[in-house]
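Chemist: Questions regarding the structure given below will be posed in turn.
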Amino acid sequence: MKNQQTNDDLKRSLGFWSAISIVVGTIIGSGIFFKQGSVLDSAGTSTMAIAAWVFGGIITLTGGLTVAEIGSQMPYTGGLYVYIENIYGRILGFLAGWMQVIVYGPAIIASVAGFMSILMANFFGLGAQWRVPLAFITVLAIGIMNLFENKVGAIFAIITTAGKMIPIAAIIIFGLFWGHQDAFGQTVTEVHQATGGFGVAVLATLFGYDGWILIANLGGEMKNPQKLLPKTIIVGITAVLIIYTLITIGIIKFLPVNQIHRLGENATAYLAVKAFGNIGGKLLSAGIIISMMGTLNGKMITFPRIVYAMAKRGDLPFSRYLAYVTPKGKSPVVATMFIIVLATVMMIFFDPDHLSDLCVFTVYCFYLLAFFGIFILRHRNKEPRPFSTPLYPWIPIIAIAGGVFVLASEIVNDFAGVVLFIGIVIVGLPILYLVKRMDQKRMH
């Protein structure tokens, strides 16, 4: 199998609890806390908003079950980049990696950091001008932490995942048992024009579920990845789906939907203060900030591994430097700094909410290719598989239908943004051509 050589320099030190902490910690971050308002605005009613979170979770779970079968056959560092190349060939494989390195990875880090900085600025009583500096400092600190051996980032993932369960449990319990609103049947009357409909509401929830595939990028660093990778993806996504549904019901039971609409990104912070007082609200906000730091940590562990995997193949400019790993900790230092620089640029020039939707659209273009890929692999390879997707072919078909639904919704809602992001991905082709020409000249 191709790309196996990209793992030789990395340690297989991640076990089940480290891996599951990275999955849950990477997924549960800013989305569930900051997207309640935008999901409600697009869905129009509380019932449809809850349905959007459930539907987004089902799409994610079917995608996870499908990719788990593919990943169990290719347990190598690089994840989606490796899968697409092995199934479709060099060009599409490169574009899958390029998309994650240049667009998706830095943009999703910038978006999460941007949302987190809103909460941090409120927490410390700072003005809006501090949001970008706070986001940058946090990303830089977490990036530096991940320059050490991968166990350090994994330990941080376990700590932050455990820590984030406190605000989550508080919101769920308080909302369900002390909330006096009807969770179902409320209508957002203050939205006077359509803001996207159910499809865009689902798209917004998928930012909340984002990160489920990133553990696949660490396949080359797992103990027994053929068994551990599918198990981690399935358990992690199922747990998050249940948690998200309960959080959404809890928030809607406590706050009327029109108030959530008015509060927008600040709805969860307002709930925290209203439910637990100023001190309790501060503690809950601190817990949410820790939760988002855990999300950033998961992304800072995984995305540099894609840069590393591509650089080992010589697919990027300055690959010799980007493929460098530290002698002792085996950490991709230059690749990590590269991702930090790109994320900082996006923090400065893009709004986190808009950025999050475009990120989901861009990555789902390649998720769809991976979902179709399961049929190609089954036709190509008749040997026994380490893991088989249950209810085949219906689970992959649902994943594909969900992916098409996501892409169509965003194209209708934001055609200009879609064209911009697709254009950035396609620019990768001439860069690959130039890199390979330079390599050929050096060889001659």
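Chemist: Would you please put 94-100, 409-415 in order of how densely packed they are, using the mean number of other Cβ atoms within 10 angstrom per residue and starting with the highest?
Modeler: 94-100, 409-415
Chemist: Sticking with this structure for a sec: Can you give me the accessible area per residue for the chain, using a 1.4 Å probe, in Å²?
Modeler: Per residue, the chain has an accessible area of 38 Å².
Chemist: Something else: By the gyration tensor of its Cα atoms, with a ≥ b ≥ c the square roots of the eigenvalues, what is the shape of the range 56-121: rounded for a/c under 1.5, prolate for a/b over b/c, or oblate?
Modeler: oblate
Chemist: Mind ranking 370-376, 120-126, 250-256 by how tightly packed they are, going by the mean number of other C-beta atoms within 10 angstrom, highest first?
Modeler: 250-256, 370-376, 120-126
Chemist: To continue, here is another question. Would you calculate the separation in nanometres between label points at residue 155 and residue 397, each defined as 7 Å from the Cα along the Cα-to-beta-carbon direction?
Modeler: Taking the two extended label points, one gets 5.0 nm.
Chemist: Related question: Compute the distance in nm between two label points, each set 7 Å from the Cα along the Cα-to-Cβ direction, one at residue 16 and one at residue 242.
Modeler: 1.5 nm
Chemist: For residue 126 and residue 404, compute 0.36 nm times the residue count separating them, minus their Cα-Cα distance, and round to one decimal in nm.
Modeler: 95.9 nm
Chemist: While we're here: Once the Cβ-Cβ distance between residue 178 and residue 47 is put in as r, and R0 is 22 Å, what FRET efficiency do you end up with, to the nearest 0.05?
Modeler: Efficiency, rounded to the nearest 0.05: 0.55.
Chemist: Would you please state which residues of the range 249-291 a label at residue 145 would reach in this model, taking the label point 7 Å out along Cα→Cβ and a backbone N cut-off of under 11 Å?
Modeler: 290-291
Chemist: When N is the residue count of the range 345-440, what does its C-alpha Rg come to as a fraction of 2.2 N^0.38 Å?
Modeler: Computed over Cα atoms of the range 345-440, the ratio equals 1.41.
Chemist: What FRET efficiency would be calculated for the residue pair residue 187, residue 263, taking the C-beta separation as r and a Förster radius of 22 Å, to the nearest 0.05?
Modeler: 0.80
Chemist: Let me ask you something else. Go through 271-284, 309-322 and give me the packing order, highest mean Cβ count within 10 Å leading.
Modeler: Result, highest mean first: 309-322, 271-284.
Chemist: How compact and how long is the range 333-380, expressed as Rg and Dmax of its alpha-carbon atoms in Å?
Modeler: Here Rg and the maximum Cα pair distance are 15.9, 46 Å.
Chemist: 5 Å is the cut-off here: which amide hydrogens, built 1.01 Å from N in the peptide plane, fall below it relative to residue 45, excluding neighbours closer than 5 in sequence?
Modeler: Residues meeting the amide H criterion: 188.
Chemist: Run through the range 371-444 and list the trypsin sites (Lys or Arg not before Pro) located in a DSSP loop whose Cβ has at most 12 other Cβ atoms within 10 Å.
Modeler: Here the trypsin sites (Lys or Arg not before Pro) that fit, given the DSSP loop and packing criteria, are 382.
Chemist: Using protein chains only and a probe of 1.4 angstrom, how many square angstrom of residue 130 are accessible, to the nearest 10?
Modeler: Counting only protein heavy atoms, the figure is 120 Å².
Chemist: What are the membrane-span-like helices in the chain by this rule: whole DSSP H runs, Cα extent along the axis at least 20 Å, mean Kyte-Doolittle hydropathy at least -0.5?
Modeler: The answer, listed by residue number, is 46-73, 105-124, 131-145, 150-178, 225-254, 267-312, 333-349, 352-380, 394-413, 428-443.
Chemist: Something else about it: I need to check one value: relative contact order of the chain, counting alpha carbon pairs closer than 8 Å and at least 6 residues apart, in percent.
Modeler: 34 percent
The values are calculated or read from the model by the stated rules, or taken from the named source; none is laboratory data. In this text, all values refer to a predicted model and were calculated from it rather than measured experimentally. A quick note on method: Cβ atoms are made from the backbone with ideal geometry, for glycine too, and the neighbour counts reach across all protein chains shown. Side chains are part of the model used for accessible areas, which takes the heavy atoms of the whole protein and leaves out ligands, DNA and RNA. Shrake-Rupley method; radii C 1.70, N 1.55, O 1.52, S 1.80 Å.
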